[in-house]
Amino acid sequence: MNAQTQNWVDLCELTAIPQRGARCVEAGENKIAVFRTADDNIFALEDKCPHKDGPLSQGIVHDGCVTCPLHNWVISLETGQAQGADEGEVQTYPIRIENGNVQIDIAKIMG
Amino acid sequence: MTKKLVVIGNGMAPGRMLEDLFDKSPDAYDVTIFNAEPRVNYNRLMLSPVLSGEKTYEDIITHGDDWYETHGVTLHKSAKITEINREAKTVTSENGITASYDKLVIATGSNPFIIPLPGHDLDGVLTYRDLDDVERMIAVSNTGGRAVVIGGGLLGLEAAAGLKMQGMDVTVLHLMPTLMERQLDPAAGYLLEKAFTDLGIDVLTEANSKEILGQDGKVTGIRLEDGTEIEAKIIVMAVGIRPSFDLAKSCELEVNRGIVVSDDMRTSDPDIFSLGECVEHRGMCYGLVAPLYEMGTVIAKNLLDEEAIYEGSVTATKLKVTGIDLYSAGDFADADDREEIVLRDAANGIYKRLVLKDNKIIGAVLYGETSDGPWFFDMLKKETDVSEMRDTLIFGQAFQGGAPLDPMAAVAALPDDAEICGCNGVCKGKIVETITAQGLTNLDDVRAHTKASASCGTCTGLVEQVMALTLGDSYNPDAVAAMCGCTDLSHGDVRRLIKAKGLKSIPEVMQELEWKTSCGCAKCRPALNYYLVADWPEEYADDYQSRFINERVHANIQKDGTYSVVPRMWGGVTSSKELRAIADVVDKFDIPTVKVTGGQRIDMLGIKKEDLTAVWSDLGEAGFVSGQAYAKGLRTVKTCVGTDWCRFGTQDSTGLGIRIEKFMWGSWTPAKLKLGVSGCPRNCAEATCKDIGVICVDSGFEIHFAGAAGLDIKGTEVLGTVATEDEALEYIVALAQMYREQGYYLERIYKWAKRIGYDEVRAQIMDDPEKRKGYYDRFVHSQKFAQVDPWSERVSGKDKHEFQPIKIAQMEAAE
């Protein structure tokens, strides 16, 4: 499977993720955090803080960022970049809403 | 036939509009004015000089009776319009006059806002709006005494100065930390406060009025939230204005905060215009004169079918108090994309600050010397590029053309490679460069980005000096720390304003207190959620998404992302049945570690998130509830065995501990709250390093508070001794509630108590039965909503899905 292939699969209804919250998705060995912001944008990041592997899906979601519950690193949901003085990056994944359903492109995860 | 124009209201805005109209076309309209006041048009801006006695009413008349005659205007005085009939195109006044119109202008102005304090309807409570108010103030001031002015904005301060000049003693009460905070930055606000104090006027900032006191229907004084009482003969409320739009609303014109007008100043009815303080244009309501005049000019043109539009105004303010020169214009809030130029001359009492964006002036605050105000304001409005004269801009118009100064000439002699922080090997150049590149303004940020002073801290002074050099006057080391980057307000300000403004949800707080981010951050959201839970237990709906993960899932997150679970063991007492149930849960869920905690209970560590509800369900069946070991709230009450077993025990310390825990469990506090009850002074429950502790003695119960045995080690302070268990419970609960109401989020009780003073705590809890009872009652009320076991709530299904991960079936198949 090459990088251009897309493989969108349904995860859940948008409403199954709380606003300013997240759900953890298990994709085989990978854990992915799916976030829903206050303005109903969704983002998918690897559920693993670049600092000490904290589960980002358990953090507080504010504007376009999540704060890791372990040591308060702030990660941009859009870019996966650590904010402020910290440096690091988390893998992001393509995600979209189709007819109220959240879908993720698993091609990238499997690739 | 000449068209008929009817104007409702005879203030400055319609006055200016008519002047413009008559200038352009004296005979276009037959004009009728209805005025609720019994007067001709006068200059309201000049009320302050009338109050201070520097001018008389006659001096400030804009249009005398002859002006109306000359222009053929019919003026109905004391004729308040009560009805507009848009179909028939007529207006009718309270005293029965009806007039028909082709075009109507509504200029009903604004009403002063009266704070609905108890006693606000007493004789002697005044506003400061029109000549009637001024005449009443002058009448009272003739006999001396004290006046209290509520509101340290423009009007309030002018009223205060006027009353002082009329010979009264004056106190100004202002809710915010600095005066005129809407027009002035804190530095200028401070200078202003000092100037007022020098005039002999008492200024109390952060003053929360609670109740106006009176006798026989007359004002005698005022009581503040903190209990201070000030005697007063009159109380002047100058806390703001509300657009007056009841009339417009009654005839179904569109209103919002004010009467809504479009850019041509028409209301939702094309034949009806509106202007002045009663309108809302592009979401803005104005209370200053310049925009009102601009609106008047636009309407005059539109009445003559010349198409004109009003695009909103930038405003400038000048305080009209003799001896105090103050000018402010535009927007002077700090922001990343702005720069500022500041001039301070402390000895001469001069402070000037210009805010620049893209080389254009967008805001100006001048204090002490304001002659360049209009020049700056002019450039502000014209968006003049000031880069050419930037170096000398702050010195004013007269200075332009002189040789530019070198503001960096005094930069300290240290070379860039001089080491400032020995621990982390950071040199001066690196700090300067980082401050400039990242736009850092406070020590915490500099520490985060450079690591300078982030270890032992002995170089903090040096780092601050480098910051002062780099940042110039914009560096204020004494600034009260803001709650977080989302606001400039401190925790104290936010707590106070939540109560004072009655803010009851996080979005409301963020809106009203002008949060800079759209939905806060991980620092402010949990704090706000706590403040709202504590302040409005009945009304506020807890926002789980603003709680830290531990409080959201009622368990403690561990370094590997698993959780630990601690059930309550009341007073540290357990039984074989409970222990068996715990053992069964440990086996069933294969829990790797079981540990006895310092708070006398059992911790099960390494539980997967998806197992949490099942674990709680089993524990719940055995009678356990959540131990809230994760909460910024009541944790444990540690006890010794007391008179039940101990040969030294003086009281039933176990029983008291259990009683306190059962009474207080579920309550949220600013930071965690751990208690201890020891049955004798041997203190086996280690009560003297707890947040709140009890040492039982023969004669009763010695209550302690403010101990610490964590980051800091500190023995407790003695609150006092009480005779009975009932009293011990009441005093402890009252103390906890006082802390709940006053503590800052994450501030442990020992830090809070040190901040407000141990004696203050003793005075309120031990010596003031009324206060104590109040705290106790509020705690009890709050518990009605707080004592819900979160475990059983989640087990019974609340948001249960959040504990289950979503699994992607395709992925499993693929592997």
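Please treat every number below as a calculation from the coordinates, not as lab data. Quick caveat: nothing in here was measured; it's all calculated off a predicted structure. Here the Cβ positions follow ideal geometry from the backbone for every residue, glycine too, while neighbour counts run over all protein chains shown.
Residue B:397 to residue B:347: extension gain in nm, 0.36 nm per residue of separation minus the Cα-Cα distance?
Extra length available between residue B:397 and residue B:347 comes to 15.8 nm.
Could you pull the Cα extents of chain B along its three principal axes, largest to smallest, in whole Å?
Projected onto the principal axes, the Cα atoms of chain B cover 103, 73, 72 Å.
Could you please state, rounded to a whole Å, how far the C-alpha centre of the stretch B:470-512 is from the C-alpha centre of the stretch B:583-620?
Comparing the Cα centres of the stretch B:470-512 and the stretch B:583-620, I get a distance of 41 Å.
Return the whole-Å distance between the Cα centroid of the stretch B:300-358 and the Cα centroid of the stretch A:87-111.
49
Rounded, prolate or oblate for the stretch B:156-221? Axes are the square roots of the Cα gyration tensor eigenvalues, ordered a ≥ b ≥ c, and the cut-off for rounded is a/c under 1.5.
Numbers: a/c = 2.76, a/b = 1.51, b/c = 1.83.
It comes out oblate by the Cα gyration axes.
Note down the nm distance, to one decimal, between modelled labels 7 Å out along Cα→Cβ at residue B:709 and at residue A:79.
4.8
Under 18 Å from a point 7 Å along the Cα-to-Cβ line of residue B:596: which residues of the stretch B:636-660 have their amide N that close?
The answer is B:636-642, B:645-646, B:654.
Going by a ≥ b ≥ c, the root eigenvalues of the Cα gyration tensor, does the stretch B:477-626 fall in the rounded group (a/c under 1.5), the prolate group (a/b larger than b/c) or the oblate group? Mind dumping the intermediate values first?
Details: a/c = 2.74, a/b = 2.42, b/c = 1.13.
It comes out prolate by the Cα gyration axes.
Please name whichever of B:328, B:753, B:675 sits farthest to the positive end of the charge dipole of the protein assembly as shown, dipole taken about the Cα centre and charges placed at Cβ: Lys and Arg +1, Asp and Glu -1.
B:675
Tell me, what is the FRET efficiency for residue B:143 and residue B:787 to the nearest 0.05, using R0 = 51 angstrom and their Cβ-Cβ distance as r?
On the way: r = 57 Å, r/R0 = 1.11.
That gives a FRET efficiency of 0.35.
Find the relative contact order for the stretch B:125-239 and round it to a whole percent, using C-alpha pairs within less than 8 Å whose residues are 6+ positions apart. The partial results should precede the final answer.
On the way: 226 pairs, mean separation 37.1, N = 115.
Relative contact order for the stretch B:125-239 comes out at 32 percent.
Any chance you could run the full-extension gain for residue B:560 through residue B:314? It's 0.36 nm times the residue separation minus the Cα-Cα distance, nm to one decimal.
Details: separation 246, 0.36 × 246 = 88.56 nm, distance 5.53 nm.
So the chain would gain 83.0 nm between residue B:560 and residue B:314.
Residues of the stretch B:106-132 with the amide nitrogen closer than 17 Å to a label point 7 Å from the Cα of residue B:271, along Cα-to-Cβ, please.
Residues passing the 17 Å test: B:106.
Leaving out same-chain residues fewer than 8 places away, which aspartates and glutamates sit with a Cα under 20 Å from that of residue B:89?
Partners found: B:30, B:102, B:246, B:252, B:254, B:269, B:271, B:305.
So if each residue of separation counts as 0.36 nm, and I subtract the Cα-Cα distance between residue B:583 and residue B:224, what length gain in nm does that give? Could you put the intermediate results ahead of the total?
Working: separation 359, 0.36 × 359 = 129.24 nm, distance 5.68 nm.
Additional length available on full extension: 123.6 nm.
Please give the calculated 222 nm ellipticity per residue for chain B, where each DSSP H segment of at least 4 residues contributes -39500 (n - 2.57) and the sum is spread over every residue; nearest 500 deg cm²/dmol? Write out the running numbers ahead of the final one.
On the way: 26 runs with 259 residues, N = 815.
That comes out to -9500 deg cm²/dmol.
To the nearest 20 debye, what is the magnitude of the charge dipole of chain B about its Cα centre, counting +1 on the Cβ of each Lys and Arg and -1 on the Cβ of each Asp and Glu?
On the way: 88 positive and 124 negative charges, 542 e Å.
Its charge dipole is roughly 2600 debye.
Take the alpha-carbon centre of the stretch B:180-242, take the same for the stretch B:39-104, and report the distance between them in whole Å.
What the calculation gives is 33 Å, centre to centre.
Please average, across the residues of B:540-548, the number of beta carbons from any other chain that are within 10 Å of each residue's own beta carbon, and give a whole number.
Values: counts 0, 0, 0, 1, 3, 10, 4, 1, 6.
Mean shielding by partner chains, rounded to a whole number: 3.
Over 30 Å between C-alpha atoms is what I'm after, so list which of B:608/B:690; B:77/B:164; B:632/B:754; A:31/B:577; B:662/B:773; B:381/B:523 land there. Before the final figure, lay out the partial values.
On the way: B:608/B:690 32 Å; B:77/B:164 32 Å; B:632/B:754 19 Å; A:31/B:577 39 Å; B:662/B:773 20 Å; B:381/B:523 38 Å.
Table pairs above 30 Å Cα-Cα are B:608/B:690; B:77/B:164; A:31/B:577; B:381/B:523.
Using a simple charge model, +1 on the beta-carbon of Lys and Arg, -1 on the beta-carbon of Asp and Glu, nothing else, what dipole does the protein assembly as shown show about its Cα centre, in debye to the nearest 20? The partial results should precede the final answer.
Numbers: 96 positive and 140 negative charges, 538 e Å.
It works out to roughly 2580 debye.
Peptide A:58-70: average number of partner chain Cβ atoms within 10 Å per residue? Could the numbers behind the result be given before it?
Working: counts 9, 3, 12, 5, 12, 6, 2, 3, 1, 6, 2, 7, 6.
Per residue, the number of nearby Cβ atoms from other chains is 6 on average.
Return B:170, B:314, B:289 ranked ascending by Cβ neighbour count within 10 Å, so the fewest neighbours appear first.
On the way: B:170 25, B:314 14, B:289 18.
Sorted ascending by nearby Cβ count, the order is B:314, B:289, B:170.
Which shape class, rounded, prolate or oblate, goes with the stretch B:7-65 when its Cα gyration tensor gives a ≥ b ≥ c as root eigenvalues, a/c under 1.5 marks rounded, and past that a/b bigger than b/c marks prolate?
Numbers: a/c = 2.92, a/b = 2.08, b/c = 1.40.
Cα axes put the stretch B:7-65 in the prolate bin.
Grab the beta carbon distance between residue B:801 and residue B:662, set R0 = 41 Å, and tell me the FRET efficiency rounded to 0.05.
Details: r = 32 Å, r/R0 = 0.79.
Once the sixth-power term is evaluated, E becomes 0.80.
Bin by bin, in steps of 20 Å, what percent of the Cα pairs in the protein assembly as shown do you find, going until the bin that has the longest distance?
With 20 Å bins starting at 0, P(r) equals 11, 33, 35, 18, 2, 0.
How would you rank A:93, B:731, going from fewest to most other Cβ atoms within 10 Å of each one's own Cβ?
Ordered by Cβ neighbours within 10 Å, fewest first: A:93, B:731.
Considering only B:165, B:188, B:205, whose Cα is most displaced toward the positive end of the charge dipole of the stretch B:160-292, charges sitting on Cβ of Lys, Arg (+1) and Asp, Glu (-1)?
B:165
I'd like the mean, over residues of A:22-35, of how many other protein chain beta carbons sit within 10 Å of each residue's own Cβ. Write down the numbers at each step before the final one.
On the way: counts 2, 5, 8, 5, 8, 9, 8, 2, 2, 2, 3, 0, 1, 0.
Mean inter-chain Cβ contacts per residue within 10 Å come to 4.
Could you list B:428, B:451, B:3 in order of exposure, starting from the residue whose Cβ has the fewest other Cβ atoms within 10 Å? Working shown, then result.
Details: B:428 23, B:451 17, B:3 12.
Ordered from fewest to most neighbouring Cβ atoms within 10 Å, B:428, B:451, B:3 come out as B:3, B:451, B:428.
Output needed for chain A: three equivalent-ellipsoid semi-axes, defined as square roots of 5 times the C-alpha gyration tensor eigenvalues, in descending order, whole Å.
Numbers: eigenvalues 94, 56, 26 Å².
Largest first, chain A gives 22, 17, 11 Å.
Got the relative contact order for chain B handy, in percent, Cα pairs under 8 Å and 6 or more residues apart?
Values: 1559 pairs, mean separation 51.7, N = 815.
Once normalised by length, the contact order is 6 percent.
Hey, rough spin-label estimate for residue B:508 and residue B:182, points 7 angstrom out along Cα→Cβ, what's it come to in nanometres?
2.1
Pop the C-beta distance of residue B:71 and residue B:501 into the FRET formula with R0 = 35 Å and round what comes out to the nearest 0.05.
Numbers: r = 46 Å, r/R0 = 1.31.
Efficiency at R0 = 35 Å is approximately 0.15.
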